[in-house]
Amino acid sequence: MITPIEIQNKVFKSGGLGYDKKDVDGFMEEILENYETLYRERMEMNDRINVLNEGLQYYKTIEKTLQKALVLAERTAEETKGTAMKNALLIEQEAVSKANIILEDAKRELDLIRKQTIELVRQYDMYKAKFKSLVNSQTELLDSQSFTVNLDQLSMFDTVPESIDTPVGVFGEHSEPMRENPLDSLEKDDIEIINLDED
């Protein structure tokens, strides 16, 4: 491309019948001014285009970086989601396993309590039956002739003899008096005490 200086320094050869020098010089000056303006604008536009190209390259680089970051973020998110799902599944399985163990322990304990309750009810029924039997036997004993006392049987005490002969050998002179209470020789477990005042 011709520069404005080249136009300014251009010298035309003179011919015998050539153009008028003043017209050519005037036209050349006008062209020079216009061309200088165009040339300057073109150079400024080139500079601006270069700046814009550099900016465009910068933004293209940022775009590529962002695209890579986005792809990496998506991949990381998928991996994190997959890991979270696996962990959630493991936690759920562990919770179910622990719940089953707790449930089995509770069932075993409930079964043990049920058996103990049944055994306690059996023992209660057995003791109740024994107690009823004891009460019935004591009631029968109280109702028997052995515990029946009639006033007619006490008539022998109406007349008391003046002297009572004691047979020799029973409480006579040669027999020794009883020194011990016969009940002392019994074991305490052999004696059953019944309280008749209680209902």
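Among the candidates Lys115, Lys130, the residue that is assigned to a helix (DSSP H, G or I) and more than 36 Å from the chain's Cα centre (by Cα) is uniquely Lys130. Within the option set Glu41, Glu30, Glu36, being open to solvent by 100 Å² or more (accessible area, probe 1.4 Å), over 60 Å from the mean Cα position of the chain (by Cα) and within 30 Å of Asn9 (Cα to Cα) holds for one residue only, Glu30. In summary, Tyr19 fulfils each of the numbered conditions (1) free of Cβ contacts under 8 Å to residues at least 12 places away in the same chain; (2) in a helix (DSSP H, G or I) with the single exception of condition (2).
The values are calculated or read from the model by the stated rules, or taken from the named source; none is laboratory data. Everything numeric in this text was worked out from a predicted model, so none of it was measured. Cβ coordinates were reconstructed from backbone atoms using ideal geometry, including for glycine residues, and neighbour counts include every protein chain displayed. Side chains included, ligands, DNA and RNA excluded: accessible areas come from the protein's heavy atoms. Shrake-Rupley method; radii C 1.70, N 1.55, O 1.52, S 1.80 Å.
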